[in-house]
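The values are calculated or read from the model by the stated rules, or taken from the named source; none is laboratory data. Since this is a predicted model, take the numbers as computed values, not measurements. Glycine gets a Cβ as well: all are built from the backbone with ideal geometry, and neighbour counts include every protein chain shown. Accessible surface is based on the protein model in full, side chains and every heavy atom, while ligands, DNA and RNA are left aside. Shrake-Rupley method; radii C 1.70, N 1.55, O 1.52, S 1.80 Å.
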Amino acid sequence: MSITVDQISRQFGNTVALHPSSLDIKEGELVGLLGPSGSGKTTLLRIIAGLETPSAGRILFSGRDVTNLHPRNRRVGFVFQHYALFRHMTVFDNIAFGLKANAHRLSLGRQEITERVNELLGQIQLEAYAKRLPAQLSGGQQQRVALARALAVRPEVLLMDEPFGALDAKVRVELRRWLRHLHEQLGFTCVFVTHDQDEALELSDRVAVMSQGRVEQIAAPAQLYREPANRFVFDFLGTTNSFKGEVRDEQLYLGEQGTLRLPKVANGAAELVTRPHEISLSHSPSDSATLPAQVSAIAPIGAVVEVELQPFWEAPNLHVTLSPRDFEQASFAVGDTLYLHPHRLMLVDPHSTALTPVS
Amino acid sequence: MSKPRRILPGFHLSLGIALVYVSIILLLPLGSLVGQLADLSWARYWSIITDPRNLASYRITVLSAALASLFNMLFGLLCAWVLVRYTFPGKRILDALMDLPFALPTAVAGITISTLYASQGAIGQWLGFKVAYSWLGIVVAMAFTSVPFVVRTVQPVLEELPASVDEAAITLGASNAYAFRRVILPFIWPALLTGTGLAFARSLGEYGAVIFVAGNMPYKTEVTSLMVVTRLQEFDYPAAAAIASVVLIASLLLLLVINIYQARFFRRIHGNQHV
């Protein structure tokens, strides 16, 4: 089932939780709504589920207007942030709840319900836990029960609110991969909310980045990372290095100390941004390595080495990541002066904050 | 090995004060009650508590209290539901009103109820049957004085029930009635039962409000607490103590049963391995 969000907005009194927003989600697609808290992502998800009413706009499921349809009849699976399991029921009864509540409409017998629940228990790998109560399960197990409960009624749309937010880092990663497989197997349309960019980029076919009640950009993860629409998206997806200065004759002047060649950039104040892995470091200045900075911290973090540098001009510290091998070859220590060569830069539009690549 | 040190301060002092208080206010009167009973032989004790007039009073008290607490179970749950689930103007006032039966002197309540429900009273004149000066009056008085027990025990538990649990049931396609029966009611059941049990225990001993509406006709509308007072007025302290002990034992047993049930329920909910 495809989902169309058509100019949906939501106000609470005088505060706008969601500005008129539109989204088209294709059948079988996995879309992540990514944003900081207060960005309106949960509100949008709850409006799609029917748990919240929009102030204006329409929600369509496969072209059918469901804006005024009660959530009971929308037939969406919803996984709540803290799972909202029925704590007085066993795992089995939790999963069977939707089937039993609709046994009449779905014309399901006791036998069929038991079979379907057992099948789901197999899929979530919790067959041995059928008779346990939610309180006797770990967070990750509870999360899988919540998923199975939502999937039991075979919804065509699955909505998840911060599905992995309350779990340990390692369990999160496992569950993400597991969910990805389950989605490939069952092919439901899925929208989930998260504030974790790694989660959004890893799980989603497309990510909608939201901020202050607006959808800033919706794109496939690779494109989103490569071509962020504006400064907010760029900042939210990772660490930002910023170069602020004055452009004269295709040269960026950063205070007294550093200059950077910028072909085809108009004169005037300019800000450029880059990622930590898009800067290389060298011991001596050259035509391309023109920006001097002093190493203030070195932190090896698993697969990368994070280097923090204090620029010679007036600016916040810069962050550079190297592979451990490059770091060993470069051989420098805290206090050394290095010269930076950013090989990919994005020019920030001062009004719209839109980004355009410079090379 | 050194003795483990207690980090939270004030343990000895606060426990000491609590124990002294419990002894003076609770145990001493109970002790003197038992002391009075010591003057009685078993045969005499048995003949007092099985006196036909007393037996009739047990029946009236228990039946009225049961009816009153059943009514409060429903009405109290409704009030708690309204107070927790919805926002409306005057909610705070309604919330405060719930404690009125505790604050009001029970005699005042009794007199007010008897005036309202008398055959010429503001409510009584519209009713085709007798409420004041009948056993129904006893039920009304008991219900009035014990409703806060149900409201105040169910309310916090209902507040603790996350809205998402309710929403989960709805998104799974459950009807309102099904969601209430299978999700909400089991959640608040222990609290509802405790509140009802407390209301029942309180009703068993209710005196002030009841005697003004009951009419106090022997074998018909005499409650057990009235029988105790009657014996006291005759200066027959051992007999008063004997009847009181019946009420006391009944109430204690009831509270014990409720506590055991609740403990078992919570162990189940919170997982068997801890608590």
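B:N72 satisfies every condition listed in (1) loosely packed, with under 12 Cβ neighbours inside 10 Å; (2) within 26 Å of B:P156 (Cβ to Cβ) except (1).
For the stretch B:120-160, taking the residues that are more than 24 Å from the chain's Cα centre (by Cα) and open to solvent by less than 20 Å² (accessible area, probe 1.4 Å), the one that is farthest from A:L85 (Cα to Cα) is identified as B:G121. Restricted to the stretch B:16-30, and to residues that are of a type in the set (A, V, I, L, M, F, W, C) and open to solvent by less than 80 Å² (accessible area, probe 1.4 Å), which residue is nearest to B:I243 (Cα to Cα)? Once the filter is applied, the top-ranked residue is B:L30. Counting only residues that are open to solvent by less than 40 Å² (accessible area, probe 1.4 Å), of a type in the set (A, V, I, L, M, F, W, C) and closer than 30 Å to B:V213 by Cα, the stretch B:40-62 holds 4 of them. Listed by first and then second residue, the pairs linking a residue in the stretch B:103-121 that is part of a loop (DSSP other than H, G, I, E, B) to a residue that is open to solvent by 60 Å² or more (accessible area, probe 1.4 Å), with Cβ atoms under 6 Å apart and 6 or more places separating them unless they lie on different chains, are B:G121/B:T115.
Scan the stretch A:98-128 for residues that are open to solvent by 50 Å² or more (accessible area, probe 1.4 Å), at pLDDT 90 or above and within 12 Å of another protein chain (Cβ to nearest Cβ) and the total you get is 1. Of the strands (runs of 3 or more DSSP E) lying entirely inside the stretch A:1-113, those containing at least 3 residues that are of a type in the set (A, V, I, L, M) and without any contact (Cβ under 8 Å) to a residue 60 or more places away in the chain span A:56-61. If you go through the stretch A:322-348 and keep only what is free of Cβ contacts under 8 Å to residues at least 40 places away in the same chain, assigned to a loop (DSSP other than H, G, I, E, B) and either touching a strand residue (DSSP E or B) at 6+ places or on another chain (Cβ under 9 Å) or open to solvent by less than 30 Å² (accessible area, probe 1.4 Å) (or both), you end up with A:S323, A:A333, A:V334. When B:N216 is tested against (1) outside any helix (DSSP H, G or I); (2) open to solvent by 10 Å² or more (accessible area, probe 1.4 Å); (3) among the polar types (S, T, N, Q); (4) at negative phi, only condition (4) is not met. If we keep just the residues of the stretch A:199-226 that are assigned to a strand (DSSP E or B) and charged (D, E, K, R), which is farthest from the chain's Cα centre (by Cα)? Per the criteria, the residue is A:R214.
Of the residues in the stretch A:281-299, at least one is open to solvent by 60 Å² or more (accessible area, probe 1.4 Å), at pLDDT 90 or above and either part of a strand (DSSP E or B) or in contact with a His (Cβ under 7 Å, 6 or more places away or on another chain) (or both). Counting only helices (runs of 4 or more DSSP H) wholly contained in the stretch B:129-184, the ones carrying 3 or more residues that are within 11 Å of chain A (Cβ to nearest Cβ) occupy B:163-171, B:176-179. Among the residues in the stretch A:193-202, are any within 14 Å of chain B (Cβ to nearest Cβ) and surrounded by 17 or more Cβ atoms within 10 Å (Cβ to Cβ)? There is at least one residue in the stretch A:193-202 that is within 14 Å of chain B (Cβ to nearest Cβ) and surrounded by 17 or more Cβ atoms within 10 Å (Cβ to Cβ).
As a summary of the residue check, A:L186 satisfies the conditions (1) modelled with pLDDT of 90 or more; (2) aliphatic (A, V, I, L, M); (3) open to solvent by 10 Å² or more (accessible area, probe 1.4 Å); (4) over 19 Å from the mean Cα position of the chain (by Cα) except for the one numbered (1). Of the residues B:A209, B:A242, B:A201, the single one that is open to solvent by less than 10 Å² (accessible area, probe 1.4 Å), within 24 Å of B:I48 (Cα to Cα) and either at pLDDT 90 or above or away from every other protein chain (no Cβ under 14 Å) (or both) is B:A242. When the residues of the stretch B:1-15 are filtered to those that are open to solvent by 100 Å² or more (accessible area, probe 1.4 Å) and of a type in the set (A, V, I, L, M, F, W, C), the one that is nearest to B:I249 (Cα to Cα) is B:L13. Based on this model, can you work out whether A:R176 counts as in contact with a Phe, Trp or Tyr (Cβ under 6 Å, 6 or more places away or on another chain) and either surrounded by 17 or more Cβ atoms within 10 Å (Cβ to Cβ) or not hydrophobic (A, V, I, L, M, F, W, C) (or both)? For A:R176, the condition - in contact with a Phe, Trp or Tyr (Cβ under 6 Å, 6 or more places away or on another chain) and either surrounded by 17 or more Cβ atoms within 10 Å (Cβ to Cβ) or not hydrophobic (A, V, I, L, M, F, W, C) (or both) - is not met. Here A:P54 passes the criteria (1) surrounded by fewer than 16 Cβ atoms within 10 Å (Cβ to Cβ); (2) of a type outside the set (V, I, T); (3) touching a helix residue (DSSP H, G or I) at 6+ places or on another chain (Cβ under 6 Å) except the one numbered (1). Please verify whether the stretch A:64-74 includes one or more residues that are of a type in the set (A, V, I, L, M), over 25 Å from the mean Cα position of the chain (by Cα) and buried (at least 17 other Cβ atoms within 10 Å of the Cβ). Checked the stretch A:64-74: at least one residue is of a type in the set (A, V, I, L, M), over 25 Å from the mean Cα position of the chain (by Cα) and buried (at least 17 other Cβ atoms within 10 Å of the Cβ).
State all residues of the stretch A:237-276 that are in contact (Cβ under 8 Å) with a residue 24 or more places away in the chain, out of contact with any Gly (no Cβ under 9 Å at 6 or more places or on another chain) and open to solvent by 40 Å² or more (accessible area, probe 1.4 Å); if no residue qualifies, say none. Answer for the stretch A:237-276, where residues must be in contact (Cβ under 8 Å) with a residue 24 or more places away in the chain, out of contact with any Gly (no Cβ under 9 Å at 6 or more places or on another chain) and open to solvent by 40 Å² or more (accessible area, probe 1.4 Å): A:T239, A:K244, A:E256, A:Q257, A:R261, A:K264. Quick one: is A:R149 away from every other protein chain (no Cβ under 14 Å), touching a Leu at 6+ places or on another chain (Cβ under 9 Å) and surrounded by 15 or more Cβ atoms within 10 Å (Cβ to Cβ)? Considered against the rule, which asks whether it is away from every other protein chain (no Cβ under 14 Å), touching a Leu at 6+ places or on another chain (Cβ under 9 Å) and surrounded by 15 or more Cβ atoms within 10 Å (Cβ to Cβ), A:R149 comes out as no. Based on this model, can you work out whether B:K91 counts as more than 24 Å from B:L192 (Cα to Cα) and of a type in the set (K, R)? It is false that B:K91 is more than 24 Å from B:L192 (Cα to Cα) and of a type in the set (K, R).
All conditions but one from (1) open to solvent by less than 50 Å² (accessible area, probe 1.4 Å); (2) within 14 Å of chain B (Cβ to nearest Cβ) apply to A:T4; the one that does not is (2). From the list B:L33, B:L94, B:L67, B:L37, the one residue that fits, being modelled with pLDDT of 95 or more, in a helix (DSSP H, G or I), surrounded by 11 or more Cβ atoms within 10 Å (Cβ to Cβ) and of a type in the set (A, V, I, L, M, F, W, C), is B:L67.
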